[in-house]
Structures are given as structure tokens and as C-alpha cells.
Amino acid sequence: MKNTPPFFLLITPFTLLLSCSNPTTTPNPHLTANDTIFTPAQADLGATLYTTSCASCHGYDLKGTEGGNALVGDRFINKWAELSLDTLFEVTRTTMPKTNPHSLDDEAYVCLLAFILRANAFPAGSTSLSSDKNDLKQLKLGKPPVTARTAMQFVPGVVAVKSRTIEAEWKQHRGDYASTNYAPLDQINKDNVKI
């Protein structure tokens, strides 16, 4: 049996290791939405797009309705914090708006992302958020500063006094746009109802 030179035994694993690694596709785990990755102009355009294309399902305050999930608050942040922005971008692009997915161009979807980031208190900067999938893969959502986070909690809205309609104070089925099933009616209470 022929002896293999020791030098060859050392160089082969090293060559295989180098040929399998590709530093250009390795995500940078340190970049998050806290690194001012979008501009105020992108977020402003995203706000306009959100109002016309998204608010009917996700609510004008981004806190969600029965038709769409909340896009602000701890639940949203915890769900997406460790994922790259290209995942959120793809979900948004391929499923929204519900009635017409893929109806916006990539730049519009990036502006929507910028608006959602700003609504979650991530800081804007001078660098535009790119719609390139490889660039988005390099960014994690991360978590905004704790003091700026939106806590999801029930706060009944103030009902303005106006003329009665067939729906009374209820703006729509299940009470309001957030489907809280709440009305400040006090004509029937525990003192005048018996079981």
C-alpha cells in the first residue's frame, strides 16, 4: 500500500472548506432596523399607501382588526425580531393586499415596510431601504428601544354623542373597527337585571 504524503492530507480538507464557504451570502447578524435603514420619505410614502391599501384590514392605528393582524406592538415585534427583513417583505408582497396580492411594485412594498418600522419606533435615517432581496437578507428586524414600544392593551374608545341610528353607538358589526364588542351603554346593569 502506498503512503499518502502528510502535506496532501492537510491541504485537502482546507481546500474543501474554502470552496464551500461563500462570504457574500452570509447574513450580517449585527444589522437591525435600529441601524437607521430607511428614510423618513420612504415611511411617509408608505403611510399613504397603507391608508389606501392596508388600513381597512389592519386598522388605521395598525393595531389590527378581525380582518388582519396587528402590525405594531410586542406580539408583532416578538414574531419578527429574529427573522430577516426579506421574510417580512416576501410575506407582505405575496399576500397583501388580500384582495390583490402583488399589485404594488417592490419599491412600494419597501415603503410600506419603512412605515411599519417607523410605527414600531425604529429610527429613520438618511439611507434608503433597498428592495433587493439579498440586501434585505442582511437585515434583521430586531427590537426597538424598550421605552418606545407599543403595548397592546384594551383601551375603550371615547364615544362622541350624536343622533341615534339603527346601530346605536356601534360603528359596525362587533362594535368598532377593532371588533372590541364594547359599548358604554348603561341602561341595563346588574341592579336592574335579575337571573
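Could you tell me whether PRO101 is open to solvent by less than 60 Å² (accessible area, probe 1.4 Å), without any contact (Cβ under 8 Å) to a residue 12 or more places away in the chain and of a type outside the set (Ser, Thr, Tyr)? Yes; evaluated as a whole, the condition is true for this residue. Please tell me if ASN192 is assigned to a loop (DSSP other than H, G, I, E, B), touching a Gly at 6+ places or on another chain (Cβ under 9 Å), at pLDDT below 95 and open to solvent by 70 Å² or more (accessible area, probe 1.4 Å). The answer is no for ASN192. In the range 166-195, the residues that are closer than 26 Å to GLY67 by Cα form Cβ pairs under 8 Å with partners that are at pLDDT 70 or above and of a type in the set (Val, Ile, Thr), at six or more places apart or across chains, as follows: ARG174/THR180; TYR177/THR65; ALA178/THR65; SER179/THR65. Among residues of the range 16-44 that are open to solvent by 60 Å² or more (accessible area, probe 1.4 Å), none has a Cβ under 8 angstrom from a residue that is modelled with pLDDT under 90 at a sequence gap of 6+ or on a separate chain.
Whenever a residue of the range 63-78 is in contact (Cβ under 8 Å) with a residue 24 or more places away in the chain and under 16 Å from LEU113 (Cβ atoms), its partners that are of a type in the set (Lys, Arg) and open to solvent by 20 Å² or more (accessible area, probe 1.4 Å), lying with C-beta atoms within less than 6 angstrom and at least six residues away or across chains, give the pairs ALA70/LYS63; ILE77/LYS143. Evaluated against (1) open to solvent by 80 Å² or more (accessible area, probe 1.4 Å); (2) among the polar types (S, T, N, Q); (3) modelled with pLDDT under 75, GLN187 falls short on exactly one condition, (3).
For every residue, the table says whether it meets (1) out of contact with any Cys (no Cβ under 8 Å at 6 or more places or on another chain); (2) among the small types (Gly, Ala, Ser); (3) not in a helix (DSSP H, G or I).
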site	(1), (2), (3)
LYS63	yes, no, yes
LYS79	yes, no, no
ASP86	yes, no, no
PRO97	no, no, yes
SER103	yes, yes, yes
TYR109	yes, no, no
GLY125	yes, yes, yes
SER130	yes, yes, yes
ASN134	yes, no, no
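When the residues of the range 65-77 are filtered to those that are in a helix (DSSP H, G or I) and of a type in the set (D, E, K, R), the one that is surrounded by the most Cβ atoms within 10 Å (Cβ to Cβ) is ASP74. Can we say THR36 is more than 12 Å from the chain's Cα centre (by Cα) and at positive phi? Judged against the criteria, THR36 is a match.
Considering only the range 11-31, I want to know if a residue exists there that is modelled with pLDDT of 70 or more and of a type in the set (Val, Ile, Thr). Scanning the range 11-31 turns up no residue that is modelled with pLDDT of 70 or more and of a type in the set (Val, Ile, Thr).
For the range 73-85, check the following and say yes or no: at least one residue is in contact with a Lys or Arg (Cβ under 6 Å, 6 or more places away or on another chain), under 21 Å from LYS133 (Cβ atoms) and modelled with pLDDT of 90 or more. Within the range 73-85, one or more residues are in contact with a Lys or Arg (Cβ under 6 Å, 6 or more places away or on another chain), under 21 Å from LYS133 (Cβ atoms) and modelled with pLDDT of 90 or more.
The values are calculated or read from the model by the stated rules, or taken from the named source; none is laboratory data. Just so it is clear, the model here is predicted, and its values are computed rather than measured. Using ideal geometry, Cβ is built from the backbone for each residue, glycine included, and neighbour counts are taken over all protein chains shown. Keep in mind that these areas ignore ligands, DNA and RNA; they rest on the heavy atoms of the full protein, side chains included. Shrake-Rupley method; radii C 1.70, N 1.55, O 1.52, S 1.80 Å.
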